[in-house]
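The structure that follows is given in the form of C-alpha cells.
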Amino acid sequence: MIEPSPDARQAATVVLLRDRPAAQPELLMVQRAHSMAFAAGALVFPGGAVDPADVAVARHLDPGLALDERAARVAAIRETLEESGVGLGLPQGFPATALAAMRAALHEGAPFADLLAAHGLTLDIGCLTPFARWHPALVDHIRRVFDTRFYLARAPHGQDATADATENIRLFWGDAAAIIAACDAGEGRIIYPTRRNLERLAQFADCAAAIAHAMAIPVEKVTPWLE
C-alpha cells in the first residue's frame with residue numbers, strides 16, 4: 001500500500017471562478033517564477049503553505065470547523081491576496097486602496113492578523129467551498145511534499161487580479177478545457193494535481209454548477225504515486 005508522506009507541509013489553494021455569457025466559467029491561473037523550488041514555471045492556482053500565523057488567525061474564526069481546516073482557509077485567502085491582489089472573505093465594498101495596501105504590507109512581511117485587526121476585519125472563510133485535497137506519496141525525485149486543500153470561490157466583483165512579479169510572473173483567466181489544451185500544445189505546463197482538477201472543472205457550464213457539485217461530493221484525500 002502506498003502511504004502519503006508523513007512530514008508533508010500543509011498548504012491551501014483557491015480556484016477563483018467567474019461566469020461568462022454562454023460559455024464555461026473562467027478560472028484564474030498564475031505562472032510560478034522559474035526560480036521557485038516547487039513547480040517552477042508551472043501554471044497553478046493561487047495558494048501556498050499554511051503558516052503558524054494563519055493558525056493564530058484561525059483560532060478566532062468559525063468554531064464549527066476543525067482548526068486545521070480553518071487555518072487552511074486563512075492561508076488560502078492570504079496567499080490569494082499576496083499572489084493576485086484579490087481579496088476574499090472581506091466585506092463588500094472594502095476599499096481597493098486599502099486592499100492594495102494590505103497586499104503590499106504582506107509582501108513586506110507584515111503579519112496578516114495585524115492587518116486584519118488594523119482594519120477591524122474578520123474573515124468570512126465560508127466564502128470558500130472545499131473541492132479537493134491532494135497529498136502525494138514520497139518518491140525519490142520529489143524534494144517537497146505538500147498536503148494541499150483546494151477550494152472554489154467566486155471572484156469578487158470589481159476587483160482586478162495582477163501578478164505579484166515575485167513568486168509568479170504572470171496570471172490570466174481561461175476556461176479549464178482551454179488551459180488543458182494549451183498545455184497539451186506545449187504552451188504551458190501543469191503538474192498532475194492541477195490537470196486532474198482542471199479536468200473535473202471542465203464539466204461545468206457555470207460557477208453555480210461547479211460549486212454545487214463540490215458541496216455535494218465529500219472531499220477525500222487523494223494520494224497519487226508513480227510506478
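Only the coordinates and a few stated rules stand behind these numbers; no lab work does. Everything quoted here is computed from the prediction, not taken from an experiment. In this analysis, Cβ positions are derived from the backbone assuming ideal geometry, glycine residues included, and neighbour counts consider all displayed protein chains.
What's the local net charge at residue 79, with K and R +1, D and E -1, over the other residues with C-beta under 14 Å away?
0
If you don't mind, another one. Note down the magnitude of the dipole of the chain about its Cα centre, charges +1 on Lys and Arg C-beta and -1 on Asp and Glu C-beta and zero elsewhere, to the nearest 20 debye.
120 debye
Figure the gain on full extension for residue 49 and residue 221 (residue separation times 0.36 nm, minus the Cα-Cα span) and round it to one decimal in nm.
60.2 nm
Rounded to whole Å and sorted largest first, list the principal axis extents of the Cα atoms in the chain.
Taking the Cα atoms of the chain, the three principal extents are 50, 44, 38 Å.
Hey, another quick one. To the nearest 500 deg cm²/dmol, what mean residue ellipticity at 222 nm is calculated for the chain from DSSP H runs of n ≥ 4 alone, each contributing -39,500 (n - 2.57), summed and divided by the residues?
Counting only the DSSP helices, I get -9500 deg cm²/dmol.
Using a cut-off of 14 Å between beta-carbons, work out the net charge of the residues near residue 70 (Lys and Arg +1, Asp and Glu -1, residue 70 not included).
That sum, taken over residues with Cβ under 14 Å, equals -2.
What is the packing order of peptides 79-87, 213-221, 172-180, taking the mean over residues of other C-beta atoms within 10 Å and listing the highest first?
With the highest mean Cβ count within 10 Å placed first, the list reads 79-87, 172-180, 213-221.
Also: Rank 159, 48, 122 by how far each Cα sits towards the positive end of the charge dipole of the chain (+1 on Lys, Arg Cβ; -1 on Asp, Glu Cβ) and give me just the farthest.
Most positive-ward Cα: 159.
Report the Cα centroid-to-centroid distance between segment 159-214 and segment 39-63 in angstrom, as an integer.
Their Cα centres are 19 Å away from one another.
In whole Hz, what ³J(HN,Hα) sequence does segment 157-170 give by Karplus (6.51, -1.76, 1.60; θ = phi - 60°), x for Gly and Pro?
Ordered by residue, 3J(HN,Hα) equals 5, x, 10, 9, 8, 9, 5, 7, 6, 10, 6, 10, 10, 6 Hz.
So for the chain, averaging the separation of alpha carbon pairs under 8 Å that are six or more residues apart and normalising by length, what relative contact order in percent results?
31 percent.
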